[in-house]
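Visitor: Submitted below is the structure of interest, expressed as C-alpha coordinates.
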Amino acid sequence: MGIGREVSKIISQTKSSVTQSGRIRSNDQISERLCISPLENELILLIRKHGNLTKADLVEHTDYSRTKITQCIDSLVAKNIIKSNGSSDFTGGRRSRTYSFNGELGFVAGIDIGATSIDVVLSDFSRNVISRKSISAIVRDGPQSILTKVSDILFQIFRENNLNPEKLTGIGIGVPGPVDFSLGTVLSPPIMPGWDRFPIISTMQKSFPLANIVVDNDVNLMALGEVTHGAAKDVNNIIFLKIGTGIGAGIISFGKIYRGSNGCAGDVGHICADKNGPICSCGNAGCLEAVAAGPAIAERGRNAAISGNSPILNKYLENNGGFLRAEDVGDAAREGDPTAIEIIRSSGELIGDVLASLVNFYNPDMIIIGGGVSNIGNLLLSSIRQGVLNRSLPLATRDLQIVFSAIGPQAGIIGAVSLAIEHMFTVECNNALTILR
Ligand SMILES: [Zn+2]
(Lines give C-alpha, C1' and ligand atoms only; values in the text may rest on other atoms or scores of the structure.)
Protein backbone atom coordinates (compact mmCIF):
# COMPACT_ATOMS: atom_id res chain seq x y z
CA MET A 1 0.00 0.00 0.00
CA GLY A 2 1.39 3.46 -0.90
CA ILE A 3 2.19 5.72 1.98
CA GLY A 4 -0.36 8.33 0.88
CA ARG A 5 -3.15 5.77 1.16
CA GLU A 6 -1.64 4.41 4.37
CA VAL A 7 -1.61 7.87 5.94
CA SER A 8 -5.12 8.64 4.71
CA LYS A 9 -6.39 5.39 6.16
CA ILE A 10 -4.85 6.05 9.57
CA ILE A 11 -6.13 9.62 9.57
CA SER A 12 -9.67 8.68 8.55
CA GLN A 13 -9.78 6.19 11.41
CA THR A 14 -8.96 8.83 14.01
CA LYS A 15 -10.18 12.14 12.61
CA SER A 16 -13.65 11.85 14.13
CA SER A 17 -12.10 12.40 17.55
CA VAL A 18 -10.95 15.95 16.78
CA THR A 19 -12.67 18.18 19.32
CA GLN A 20 -14.61 21.33 18.52
CA SER A 21 -11.96 23.36 20.25
CA GLY A 22 -9.46 22.10 17.71
CA ARG A 23 -7.40 20.38 20.44
CA ILE A 24 -4.77 18.39 18.64
CA ARG A 25 -2.39 17.07 21.27
CA SER A 26 -4.63 14.49 22.85
CA ASN A 27 -3.14 11.01 22.74
CA ASP A 28 -5.78 9.64 20.42
CA GLN A 29 -4.46 11.99 17.75
CA ILE A 30 -0.93 10.60 17.82
CA SER A 31 -1.76 7.82 15.40
CA GLU A 32 -2.40 10.48 12.74
CA ARG A 33 1.34 11.00 12.47
CA LEU A 34 4.01 8.81 10.99
CA CYS A 35 6.02 7.15 13.75
CA ILE A 36 9.81 7.50 13.51
CA SER A 37 12.82 6.96 15.78
CA PRO A 38 14.92 9.92 17.04
CA LEU A 39 17.76 9.07 14.63
CA GLU A 40 15.31 8.70 11.74
CA ASN A 41 14.01 12.13 12.69
CA GLU A 42 17.55 13.52 12.61
CA LEU A 43 18.11 12.12 9.13
CA ILE A 44 14.76 13.46 7.92
CA LEU A 45 15.68 16.95 9.15
CA LEU A 46 19.03 16.79 7.34
CA ILE A 47 17.49 15.55 4.10
CA ARG A 48 14.80 18.25 4.31
CA LYS A 49 17.42 20.90 4.87
CA HIS A 50 19.97 19.85 2.26
CA GLY A 51 17.95 17.92 -0.34
CA ASN A 52 19.60 14.86 -1.88
CA LEU A 53 22.18 13.30 0.46
CA THR A 54 24.25 10.14 0.26
CA LYS A 55 24.86 7.79 3.20
CA ALA A 56 28.40 9.20 3.38
CA ASP A 57 26.96 12.73 3.67
CA LEU A 58 24.70 11.57 6.50
CA VAL A 59 27.60 9.88 8.32
CA GLU A 60 29.56 13.13 8.03
CA HIS A 61 26.68 15.29 9.32
CA THR A 62 25.79 13.03 12.26
CA ASP A 63 28.96 11.15 13.29
CA TYR A 64 26.92 7.92 13.44
CA SER A 65 28.40 4.73 11.95
CA ARG A 66 27.63 3.79 8.37
CA THR A 67 25.90 0.62 9.65
CA LYS A 68 23.52 2.63 11.84
CA ILE A 69 22.81 5.13 9.05
CA THR A 70 22.11 2.25 6.66
CA GLN A 71 19.64 0.68 9.13
CA CYS A 72 17.76 3.97 9.50
CA ILE A 73 17.76 4.73 5.78
CA ASP A 74 16.40 1.23 5.05
CA SER A 75 13.68 1.77 7.65
CA LEU A 76 12.71 5.19 6.22
CA VAL A 77 12.65 3.78 2.69
CA ALA A 78 10.47 0.88 3.91
CA LYS A 79 8.08 3.42 5.46
CA ASN A 80 8.07 5.26 2.09
CA ILE A 81 9.10 8.49 3.83
CA ILE A 82 12.30 8.82 1.81
CA LYS A 83 13.26 7.37 -1.53
CA SER A 84 16.47 6.28 -3.20
CA ASN A 85 17.49 8.32 -6.26
CA GLY A 86 20.03 6.08 -7.93
CA SER A 87 23.56 7.41 -8.23
CA SER A 88 24.97 10.81 -7.43
CA ASP A 89 27.59 12.56 -9.56
CA PHE A 90 30.87 10.74 -9.95
CA THR A 91 33.26 12.17 -7.39
CA GLY A 92 36.36 10.11 -7.96
CA GLY A 93 35.27 7.10 -5.92
CA ARG A 94 32.39 4.77 -6.55
CA ARG A 95 29.03 6.26 -7.39
CA SER A 96 26.68 6.52 -4.41
CA ARG A 97 22.94 6.52 -4.14
CA THR A 98 21.32 9.70 -2.88
CA TYR A 99 18.21 9.90 -0.71
CA SER A 100 15.45 12.50 -0.70
CA PHE A 101 11.93 12.92 0.63
CA ASN A 102 9.30 10.82 -1.12
CA GLY A 103 7.33 13.43 -3.08
CA GLU A 104 4.36 11.06 -3.21
CA LEU A 105 3.71 11.41 0.53
CA GLY A 106 1.08 13.92 -0.51
CA PHE A 107 0.90 17.71 -0.50
CA VAL A 108 1.53 20.34 2.12
CA ALA A 109 0.04 23.81 2.26
CA GLY A 110 1.64 26.82 3.91
CA ILE A 111 -0.72 29.68 4.77
CA ASP A 112 0.47 33.12 5.88
CA ILE A 113 -2.40 35.23 7.17
CA GLY A 114 -1.27 38.84 7.51
CA ALA A 115 -3.08 41.98 8.64
CA THR A 116 -4.09 42.79 5.07
CA SER A 117 -3.18 39.76 2.97
CA ILE A 118 -3.35 35.99 2.64
CA ASP A 119 -0.46 34.06 1.05
CA VAL A 120 -0.94 30.41 0.18
CA VAL A 121 1.62 27.96 -1.17
CA LEU A 122 1.09 24.33 -2.12
CA SER A 123 4.19 22.17 -2.13
CA ASP A 124 5.08 18.50 -2.12
CA PHE A 125 7.29 16.84 0.48
CA SER A 126 10.30 17.24 -1.80
CA ARG A 127 10.11 21.02 -1.42
CA ASN A 128 8.78 21.50 -4.96
CA VAL A 129 6.35 24.42 -5.03
CA ILE A 130 3.27 23.51 -7.06
CA SER A 131 1.51 26.85 -6.85
CA ARG A 132 1.48 30.07 -4.91
CA LYS A 133 -1.27 32.63 -4.62
CA SER A 134 -1.67 35.91 -2.72
CA ILE A 135 -4.79 37.97 -2.21
CA SER A 136 -5.67 41.11 -0.28
CA ALA A 137 -7.84 40.34 2.73
CA ILE A 138 -8.43 42.20 5.97
CA VAL A 139 -7.82 39.96 8.98
CA ARG A 140 -10.27 42.15 10.96
CA ASP A 141 -13.08 40.76 8.78
CA GLY A 142 -12.98 37.79 11.14
CA PRO A 143 -12.07 34.10 11.01
CA GLN A 144 -15.07 32.76 9.07
CA SER A 145 -14.51 35.14 6.19
CA ILE A 146 -10.71 34.71 6.14
CA LEU A 147 -10.68 30.90 6.51
CA THR A 148 -13.34 30.53 3.80
CA LYS A 149 -11.05 32.53 1.50
CA VAL A 150 -8.09 30.28 2.45
CA SER A 151 -10.09 27.12 1.62
CA ASP A 152 -11.34 28.64 -1.65
CA ILE A 153 -7.77 29.45 -2.74
CA LEU A 154 -6.58 25.93 -1.89
CA PHE A 155 -9.44 24.27 -3.80
CA GLN A 156 -8.70 26.59 -6.73
CA ILE A 157 -5.04 25.51 -6.72
CA PHE A 158 -6.02 21.83 -6.67
CA ARG A 159 -8.49 22.40 -9.52
CA GLU A 160 -6.05 24.35 -11.67
CA ASN A 161 -3.38 21.66 -11.26
CA ASN A 162 -5.74 18.70 -11.70
CA LEU A 163 -4.84 17.37 -8.26
CA ASN A 164 -6.95 15.61 -5.66
CA PRO A 165 -7.51 17.75 -2.51
CA GLU A 166 -7.70 14.54 -0.49
CA LYS A 167 -3.93 14.27 -1.02
CA LEU A 168 -3.45 17.37 1.15
CA THR A 169 -1.89 15.77 4.23
CA GLY A 170 -0.52 18.82 6.05
CA ILE A 171 -1.48 22.47 6.49
CA GLY A 172 0.61 25.01 8.42
CA ILE A 173 -1.06 28.33 9.22
CA GLY A 174 0.70 31.48 10.46
CA VAL A 175 -1.36 34.24 12.08
CA PRO A 176 -0.37 37.76 13.25
CA GLY A 177 -1.22 37.27 16.92
CA PRO A 178 -0.37 35.30 20.06
CA VAL A 179 -1.12 31.58 19.63
CA ASP A 180 -1.91 28.90 22.21
CA PHE A 181 0.01 26.28 20.27
CA SER A 182 -1.46 23.28 22.09
CA LEU A 183 -4.99 24.32 21.11
CA GLY A 184 -4.18 25.95 17.77
CA THR A 185 -6.10 29.11 18.71
CA VAL A 186 -5.18 32.77 19.01
CA LEU A 187 -5.58 34.45 22.40
CA SER A 188 -6.69 38.08 22.78
CA PRO A 189 -5.03 39.11 19.51
CA PRO A 190 -4.76 42.93 19.34
CA ILE A 191 -5.19 43.24 15.56
CA MET A 192 -7.52 40.25 15.04
CA PRO A 193 -10.92 41.08 16.59
CA GLY A 194 -13.30 38.11 16.47
CA TRP A 195 -10.47 35.54 16.39
CA ASP A 196 -10.07 35.13 20.16
CA ARG A 197 -10.15 31.35 20.88
CA PHE A 198 -11.77 30.68 17.49
CA PRO A 199 -11.39 26.99 16.51
CA ILE A 200 -9.21 27.52 13.43
CA ILE A 201 -8.21 23.86 13.11
CA SER A 202 -11.67 22.28 13.28
CA THR A 203 -13.02 24.95 10.91
CA MET A 204 -10.34 24.17 8.31
CA GLN A 205 -10.88 20.45 8.83
CA LYS A 206 -14.43 20.79 7.54
CA SER A 207 -12.87 21.56 4.14
CA PHE A 208 -9.83 19.27 4.45
CA PRO A 209 -10.74 16.40 6.78
CA LEU A 210 -7.67 14.33 5.92
CA ALA A 211 -5.11 17.06 6.61
CA ASN A 212 -2.99 17.46 9.72
CA ILE A 213 -3.36 21.14 10.61
CA VAL A 214 -1.07 23.24 12.78
CA VAL A 215 -1.33 26.94 13.71
CA ASP A 216 1.47 29.18 14.96
CA ASN A 217 2.42 32.80 15.38
CA ASP A 218 3.72 34.37 12.15
CA VAL A 219 7.08 35.45 13.62
CA ASN A 220 7.81 31.92 14.89
CA LEU A 221 7.19 30.64 11.37
CA MET A 222 9.44 33.30 9.84
CA ALA A 223 12.20 32.16 12.21
CA LEU A 224 11.60 28.52 11.24
CA GLY A 225 11.66 29.48 7.54
CA GLU A 226 15.10 31.04 8.03
CA VAL A 227 16.58 27.92 9.66
CA THR A 228 15.10 25.52 7.13
CA HIS A 229 15.69 27.47 3.91
CA GLY A 230 17.02 30.94 4.71
CA ALA A 231 19.97 32.77 6.24
CA ALA A 232 20.27 30.41 9.22
CA LYS A 233 20.45 27.08 7.35
CA ASP A 234 23.78 26.23 8.94
CA VAL A 235 23.19 27.43 12.50
CA ASN A 236 20.99 26.17 15.31
CA ASN A 237 20.29 29.04 17.70
CA ILE A 238 18.79 32.22 16.34
CA ILE A 239 16.64 35.19 17.19
CA PHE A 240 14.49 36.41 14.30
CA LEU A 241 13.36 39.98 14.91
CA LYS A 242 10.41 41.24 12.90
CA ILE A 243 10.19 45.03 12.78
CA GLY A 244 6.99 46.40 11.28
CA THR A 245 3.99 48.07 12.84
CA GLY A 246 5.02 46.19 15.98
CA ILE A 247 8.18 44.34 17.01
CA GLY A 248 8.30 40.63 17.83
CA ALA A 249 10.86 37.85 17.91
CA GLY A 250 10.91 34.20 16.95
CA ILE A 251 13.39 32.11 18.92
CA ILE A 252 14.99 28.99 17.50
CA SER A 253 16.79 26.76 19.97
CA PHE A 254 18.76 23.80 18.59
CA GLY A 255 16.80 24.04 15.34
CA LYS A 256 13.36 24.09 17.00
CA ILE A 257 10.95 26.91 17.72
CA TYR A 258 11.10 27.85 21.41
CA ARG A 259 7.61 28.91 22.49
CA GLY A 260 7.91 28.99 26.28
CA SER A 261 5.28 27.74 28.73
CA ASN A 262 2.31 29.54 27.23
CA GLY A 263 3.42 30.22 23.68
CA CYS A 264 4.33 33.88 24.10
CA ALA A 265 8.13 33.61 24.23
CA GLY A 266 9.66 36.24 21.98
CA ASP A 267 7.22 39.04 22.74
CA VAL A 268 10.16 41.42 22.94
CA GLY A 269 8.30 44.45 21.57
CA HIS A 270 7.00 45.11 25.08
CA ILE A 271 10.38 45.12 26.81
CA CYS A 272 10.88 48.60 28.25
CA ALA A 273 13.37 50.62 26.19
CA ASP A 274 12.68 54.04 27.74
CA LYS A 275 10.58 54.27 30.89
CA ASN A 276 9.91 57.94 30.15
CA GLY A 277 8.84 57.10 26.60
CA PRO A 278 5.40 57.24 25.00
CA ILE A 279 2.56 54.97 26.15
CA CYS A 280 2.44 51.68 24.23
CA SER A 281 -0.71 49.93 22.93
CA CYS A 282 -0.28 47.53 25.90
CA GLY A 283 -0.70 50.43 28.35
CA ASN A 284 2.89 50.56 29.62
CA ALA A 285 5.32 53.40 28.98
CA GLY A 286 8.26 53.23 26.60
CA CYS A 287 7.98 49.68 25.23
CA LEU A 288 10.48 48.97 22.44
CA GLU A 289 7.79 48.92 19.77
CA ALA A 290 6.32 52.21 21.01
CA VAL A 291 9.69 53.95 20.60
CA ALA A 292 11.32 52.16 17.65
CA ALA A 293 8.78 50.36 15.37
CA GLY A 294 7.38 51.73 12.09
CA PRO A 295 4.73 54.08 13.59
CA ALA A 296 7.29 55.61 16.00
CA ILE A 297 9.74 56.26 13.13
CA ALA A 298 6.94 57.78 11.03
CA GLU A 299 5.72 59.95 13.92
CA ARG A 300 9.19 61.37 14.59
CA GLY A 301 9.60 62.01 10.86
CA ARG A 302 6.25 63.79 10.74
CA ASN A 303 7.16 65.98 13.71
CA ALA A 304 10.47 66.90 12.05
CA ALA A 305 8.66 67.76 8.81
CA ILE A 306 6.02 69.92 10.47
CA SER A 307 8.52 71.74 12.72
CA GLY A 308 10.63 72.69 9.69
CA ASN A 309 13.65 70.69 10.86
CA SER A 310 13.68 68.66 7.67
CA PRO A 311 12.73 70.16 4.30
CA ILE A 312 13.15 66.74 2.64
CA LEU A 313 10.71 65.05 5.05
CA ASN A 314 8.35 67.98 4.56
CA LYS A 315 8.48 67.35 0.80
CA TYR A 316 7.55 63.65 1.38
CA LEU A 317 4.73 64.72 3.72
CA GLU A 318 3.28 67.11 1.14
CA ASN A 319 3.65 64.63 -1.73
CA ASN A 320 1.83 61.95 0.33
CA GLY A 321 -1.11 64.23 1.18
CA GLY A 322 -0.07 64.83 4.79
CA PHE A 323 0.86 61.20 5.45
CA LEU A 324 4.35 59.88 6.22
CA ARG A 325 5.52 56.25 6.48
CA ALA A 326 8.64 54.78 8.09
CA GLU A 327 9.84 53.91 4.57
CA ASP A 328 9.69 57.62 3.64
CA VAL A 329 11.98 58.43 6.55
CA GLY A 330 14.30 55.67 5.26
CA ASP A 331 14.23 57.20 1.74
CA ALA A 332 14.97 60.66 3.16
CA ALA A 333 17.91 59.20 5.11
CA ARG A 334 19.26 57.68 1.87
CA GLU A 335 18.99 61.14 0.29
CA GLY A 336 21.30 62.35 3.05
CA ASP A 337 18.76 64.18 5.24
CA PRO A 338 20.50 64.51 8.63
CA THR A 339 17.26 64.52 10.66
CA ALA A 340 16.00 61.35 8.97
CA ILE A 341 19.42 59.72 9.46
CA GLU A 342 19.28 60.56 13.17
CA ILE A 343 15.73 59.12 13.50
CA ILE A 344 16.74 55.82 11.86
CA ARG A 345 20.01 55.66 13.81
CA SER A 346 18.32 56.21 17.16
CA SER A 347 15.59 53.66 16.37
CA GLY A 348 18.25 51.10 15.39
CA GLU A 349 20.26 51.75 18.54
CA LEU A 350 17.19 51.37 20.79
CA ILE A 351 16.49 48.03 19.10
CA GLY A 352 20.17 47.12 19.44
CA ASP A 353 20.14 47.92 23.18
CA VAL A 354 17.27 45.50 23.79
CA LEU A 355 18.85 42.89 21.52
CA ALA A 356 22.09 43.20 23.51
CA SER A 357 20.25 42.02 26.63
CA LEU A 358 18.80 39.14 24.66
CA VAL A 359 22.25 38.25 23.32
CA ASN A 360 23.73 38.22 26.82
CA PHE A 361 20.85 36.04 28.01
CA TYR A 362 20.55 33.65 25.07
CA ASN A 363 23.93 33.69 23.24
CA PRO A 364 22.51 33.05 19.74
CA ASP A 365 24.60 32.20 16.65
CA MET A 366 22.69 34.68 14.57
CA ILE A 367 20.18 37.52 14.77
CA ILE A 368 18.06 37.94 11.64
CA ILE A 369 16.21 41.18 11.03
CA GLY A 370 13.02 41.02 8.94
CA GLY A 371 9.63 42.69 8.56
CA GLY A 372 8.56 45.73 6.52
CA VAL A 373 10.73 48.26 8.37
CA SER A 374 13.86 46.23 7.58
CA ASN A 375 13.50 47.53 3.99
CA ILE A 376 14.89 50.82 5.31
CA GLY A 377 18.25 49.16 4.76
CA ASN A 378 21.82 49.28 5.88
CA LEU A 379 21.69 52.37 8.09
CA LEU A 380 19.13 50.62 10.31
CA LEU A 381 21.16 47.39 10.32
CA SER A 382 24.45 49.11 11.16
CA SER A 383 22.76 51.05 14.00
CA ILE A 384 21.29 47.82 15.40
CA ARG A 385 24.73 46.17 15.17
CA GLN A 386 26.30 49.11 16.95
CA GLY A 387 23.72 48.94 19.75
CA VAL A 388 24.30 45.21 20.20
CA LEU A 389 28.09 45.44 20.13
CA ASN A 390 28.14 48.37 22.60
CA ARG A 391 26.30 46.45 25.28
CA SER A 392 26.87 42.71 24.80
CA LEU A 393 29.57 40.61 26.39
CA PRO A 394 32.55 40.09 24.04
CA LEU A 395 32.24 36.29 24.24
CA ALA A 396 28.57 36.44 23.24
CA THR A 397 29.32 38.57 20.17
CA ARG A 398 32.57 36.85 19.14
CA ASP A 399 30.87 34.71 16.48
CA LEU A 400 27.51 36.47 16.40
CA GLN A 401 26.16 37.35 12.96
CA ILE A 402 23.51 40.09 12.61
CA VAL A 403 21.97 39.98 9.14
CA PHE A 404 18.85 40.80 7.17
CA SER A 405 16.45 38.00 6.27
CA ALA A 406 17.64 36.03 3.23
CA ILE A 407 14.14 35.09 2.12
CA GLY A 408 12.26 38.28 3.06
CA PRO A 409 8.48 38.11 2.71
CA GLN A 410 8.72 34.38 1.85
CA ALA A 411 10.01 33.45 5.32
CA GLY A 412 6.57 33.02 6.93
CA ILE A 413 5.13 30.81 4.24
CA ILE A 414 8.28 28.68 4.00
CA GLY A 415 8.15 28.25 7.78
CA ALA A 416 4.46 27.29 7.58
CA VAL A 417 5.27 24.49 5.12
CA SER A 418 8.18 23.34 7.29
CA LEU A 419 6.06 23.21 10.43
CA ALA A 420 3.30 21.31 8.60
CA ILE A 421 5.87 18.70 7.48
CA GLU A 422 7.38 18.42 10.99
CA HIS A 423 3.89 18.01 12.37
CA MET A 424 3.34 14.94 10.20
CA PHE A 425 5.76 12.90 12.31
CA THR A 426 5.87 11.58 15.84
CA VAL A 427 9.17 10.62 17.37
CA GLU A 428 9.36 7.45 19.42
CA CYS A 429 11.55 7.89 22.53
CA ASN A 430 12.06 5.24 25.23
CA ASN A 431 8.84 3.46 24.39
CA ALA A 432 6.87 6.68 24.71
CA LEU A 433 5.57 8.77 21.85
CA THR A 434 6.44 12.41 21.86
CA ILE A 435 4.92 14.77 19.37
CA LEU A 436 7.64 16.38 17.32
CA ARG A 437 7.75 20.12 17.74
ZN1 LIG B 1 3.90 47.53 25.20
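Visitor: Of the options M204, N360, G377, report the single residue whose Cα projects farthest towards the positive end of the charge dipole of the chain (beta-carbon charges: Lys, Arg +1; Asp, Glu -1).
Guide: M204
Visitor: Under 19 Å Cα to Cα from K315, which aspartates and glutamates show up? Leave out anything in the same chain fewer than 8 places away.
Guide: Hits, sequence-local ones excluded: E299, E327, D328, D331, E335, D337, E342.
Visitor: Here is a follow-up. Counting pairs of Cα atoms in the range 235-280, how many percent are more than 18 Å apart?
Guide: Considering the range 235-280, 38 percent of its Cα-Cα pairs are separated by more than 18 Å.
Visitor: Evaluate the distance, in nm, between pseudo-label points positioned 7 Å from the Cα of K275 and of Q386 along their respective Cα→Cβ axes.
Guide: 2.7
Visitor: Let me ask something else about it. Going through the range 146-175, which trypsin sites (Lys or Arg not before Pro) have at most 16 other Cβ atoms within 10 Å and a DSSP loop state?
Guide: none
Visitor: Would you mind telling me the share, in percent, of accessible area of the range 239-315 contributed by carbon and sulfur at probe 1.4 angstrom?
Guide: 51
Visitor: Taking the Cα atoms of the range 176-278 alone, what are Rg (to one decimal) and Dmax (as a whole number) in Å?
Guide: Reported Rg and Dmax, both Å: 15.2, 53.
Visitor: Quick one: net charge of G370's neighbours, Cβ under 9 Å, K/R +1, D/E -1?
Guide: Local charge sum for G370: 0.
Visitor: Output ³J(HN,Hα) for the range 39-55: one whole-Hz value per residue in order, computed from phi by the Karplus curve 6.51 cos²θ - 1.76 cosθ + 1.60 with θ = phi - 60°, and x for Gly and Pro.
Guide: Each residue of the range 39-55 in turn: 5, 4, 4, 4, 5, 4, 4, 5, 5, 5, 6, 10, x, 5, 10, 8, 4 Hz.
Visitor: Continuing with this model, one more query. Can you give me the P(r) profile for the range 81-224? Cα pairs, bins 5 angstrom wide beginning at 0, each as a whole percent.
Guide: Going out from 0 Å in 5 Å bins, the range 81-224 shows 2, 9, 18, 20, 17, 12, 7, 5, 4, 3, 2, 1, 0 percent.
Visitor: For the pair C282/E299, report the inter-label distance in nm, with labels modelled 7 Å from Cα in the Cβ direction.
Guide: Roughly 1.6 nm, to one decimal.
Visitor: Near Q410, within a Cβ-to-Cβ distance under 12 Å, what is the net charge of the other residues, with Lys and Arg +1 and Asp and Glu -1?
Guide: -2
Visitor: With both bridge residues required to lie in the chain, what share of the DSSP beta bridges run antiparallel, to the nearest 5%?
Guide: Looking only at bridges with both residues in the chain, the antiparallel portion is about 60 percent.
Visitor: With Kirkwood's inverse mean 1/r over C-alpha pairs for Rh, give me the Rg to Rh ratio of the range 210-263, two decimals please.
Guide: 1.00
Visitor: Sorting check: for 412-423, 308-319, which peptide has the highest mean count of neighbouring beta carbons within 10 Å, and how do the rest follow?
Guide: With the highest mean Cβ count within 10 Å placed first, the list reads 412-423, 308-319.
Visitor: How much length is gained if the chain between N162 and I191 is pulled fully straight, taking 0.36 nm per residue apart and subtracting their Cα-Cα distance, in nm to one decimal?
Guide: 6.8 nm
Visitor: Rounded, prolate or oblate: which fits the chain, taking a ≥ b ≥ c as square roots of the Cα gyration tensor eigenvalues, rounded meaning a/c under 1.5, else prolate when a/b beats b/c?
Guide: prolate
Visitor: Sticking with this structure for a sec: What residues qualify as long-range amide H neighbours of G114, i.e. H under 5 Å apart, gap of 5 or more or another chain, H built at 1.01 Å from N?
Guide: Correct list: D119.
Visitor: Under 28 Å Cα-Cα from K68, which lysines qualify once same-chain neighbours fewer than 8 residues away are excluded?
Guide: Cα-Cα hits under 28 Å: K49, K55, K79, K83, K233, K256.
Visitor: Alpha carbons only, please: Rg and Dmax for the range 286-437, in angstrom.
Guide: Gyration radius and largest Cα-Cα distance of the range 286-437: 19.8, 71 Å.
Visitor: Under 25 Å Cα-Cα from K275, which lysines qualify once same-chain neighbours fewer than 8 residues away are excluded?
Guide: K242
Visitor: While we're here: The range 42-139: which trypsin sites (Lys or Arg not before Pro) are DSSP loop and have at most 10 other beta-carbon atoms within 10 angstrom?
Guide: Qualifying residues, ordered by number: R94.
Visitor: Tell me, Kirkwood radius of the range 112-170 from alpha-carbon pair distances, in Å?
Guide: It works out to 12.1 Å.
Visitor: Amide H neighbours of C287 under 5 Å, at least 5 residues apart or on other chains, H built in the peptide plane: list them.
Guide: Close amide H contacts, sequence-distant or interchain: A273, C280.
Visitor: Over what distance in Å are the Cα centres of the range 223-252 and the range 320-367 separated?
Guide: 18
Visitor: Can I ask one more? Taking K and R as +1 and D and E as -1, what net charge do the other residues with C-beta under 14 Å from the C-beta of D63 add up to?
Guide: Computed value for this residue: 0.
Visitor: Angle between the Cα long axis of helix 294-307 and the longest principal axis of the chain, 0 to 90 degrees, nearest 10?
Guide: 20
The values are calculated or read from the model by the stated rules, or taken from the named source; none is laboratory data. These figures come from a predicted structure and were not determined experimentally. FYI the Cβ positions are ideal-geometry reconstructions off the backbone, even for glycines, and counts take in every protein chain you see. For accessibility, only protein heavy atoms count, side chains too; no ligands or nucleic acids. Shrake-Rupley method; radii C 1.70, N 1.55, O 1.52, S 1.80 Å.
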